[in-house]
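Scroll down for the structure; my scribbles are underneath it.
Derivation of every value follows stated rules applied to the coordinates shown; laboratory data play no part. Computed from a prediction, not measured in an experiment: that's the story for all the values here. As a convention, Cβ positions derive from the backbone with ideal geometry for all residues, glycine included, and neighbour counts pool all protein chains shown.
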Ligand code: IPM
Ligand code: MG
């Protein structure tokens with residue numbers, strides 16, 4: 001089959017890691033008889049430099065007219081890169097928020113899985129690492145604080161900043177349904193994370209999640225307060241299967257979950273809407289400190305490409321092949337610098353891509 005993939009290389013390590021993911025996709029395509037036609041889209045700092053805005057209307061249209069979007073990473077260093085002298089709505093991150101909203105991608109799936117080969121890189125104590133964990137965080141992506149009204153103004157002579165955290169029942173219902181659907185294909189356990197002891201938005205969240213849960217009698221539902229969840233993630237990560245949560249909580253908890261896997265360089269993500277369309281990107285950022293040095297770990301982007309095959313193109317066998325090749329590379333003791341340990345073979349970004357292709 002033929003697929004049209006919009007590719008957003010983005011900033012700093014973005015182009016390096018995306019190149020490796022495309023190489024792996026082409027390899028899979030050759031082996032299984034598919035072709036991926038790429039169309040490049042500017043977003044983030046690179047788009048600001050070329051077009052003056054982090055995402056042009058044309059770029060959004062190109063993304064919309066493709067079958068899926070594969071992204072590297074965008075953004076840079078506040079206080080260093082000139083992009084951050086621009087007003088907030090013209091900075092690189094605004095492009096990412098705009099494309100998520102523009103494409104209706106309200107569900108962000110962030111799997112966090114501890115490969116046993118990386119037990120040593122897990123910062124948790126040995127007994128916890130040995131128990132392993134395999135969870136997926138389902139983060140609401142187009143509502144809440146990041147999309148609410150905001151302003152900074154002087155009120156009675158005092159500078160005051162306001163951000164608004166708003167959720168409608170429909171926004172909560174659709175993300176809850178995604179979470180329960182995913183749980184049905186996994187260990188059938190949902191932990192819904194909120195701050196219902198304080199926030200109205202969380203109390204509505206809890207009520208709607210409980211309503212949705214009635215349609216999934218096989219799935220067990222547990223509620224957890226977000227502060228407790230932050231603690232439980234490092235204390236006993238094995239208890240988590242599917243986590244559903246609102247935008248900001250999910251942003252924070254998914255970084256925490258990724259770090260306990262050993263390196264944020266391993267974590268893929270999928271942002272999905274109502275249909276098959278999705279945007280796939282690593283959970284990590286653009287790592288300006290190692291950009292252009294062939295040091296970045298491309299695995300998160302390669303695994304994101306595998307998610308694209310699975311969720312947008314229904315190519316499960318092909319996705320399995322990529323995931324198995326990543327597993328094999330780790331078993332063969334091949335490591336990029338972020339997951340390096342004694343006795344392992346250190347490789348660069350490009351070589352990691354090659355090693356994964358060789359094992360497909
Ligand atoms: C992420 C990032 C973004 C977010 C930023 C760059 C806007 O942190 O994808 O987690 O908060 O969604
Ligand atoms: Mg984040």
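State the dimensionless ratio Rg/Rh of the chain (Rg: radius of gyration of Cα atoms; Rh: Kirkwood radius).
0.96
Just the number, please: Stokes-Einstein D of region 227-344 in µm²/s, Kirkwood Rh from C-alpha pairs, 25 °C, 0.890 mPa s.
Estimated via Stokes-Einstein, D reaches 155 µm²/s.
Calculate, axis by axis, the spread of Cα positions in region 123-260 along the three principal axes, and write the results as whole Å, longest axis first.
Projected onto the principal axes, the Cα atoms of region 123-260 cover 56, 38, 23 Å.
Could you rank the peptides 60-68, 241-249 by their average count of other C-beta atoms within 10 Å per residue, with the highest value first?
Going by the mean number of other Cβ atoms within 10 Å, highest first, we get 241-249, 60-68.
Taking the inverse of the average 1/r across all pairs of different Cα atoms in region 110-177, what Kirkwood radius in Å do you get?
About 15.9 Å, per the Kirkwood formula over Cα pairs.
How much of the DSSP beta bridge set in the chain is antiparallel, as a percent to the nearest 5?
40 percent
So how long is each side of region 83-198 along the principal axes, counting just the alpha-carbon atoms, biggest first, in Å?
56, 34, 33
Hey, what number do you get for the chain at 222 nm if only DSSP H runs of n ≥ 4 count, each worth -39500 (n - 2.57), divided across all residues, to the nearest 500?
Only helices count here, giving -12500 deg cm²/dmol.
Just subtract the alpha-carbon distance of residue 37 and residue 168 from 0.36 nm times their residue separation and send over the number in nm, one decimal.
In short, 43.4 nm is gained.
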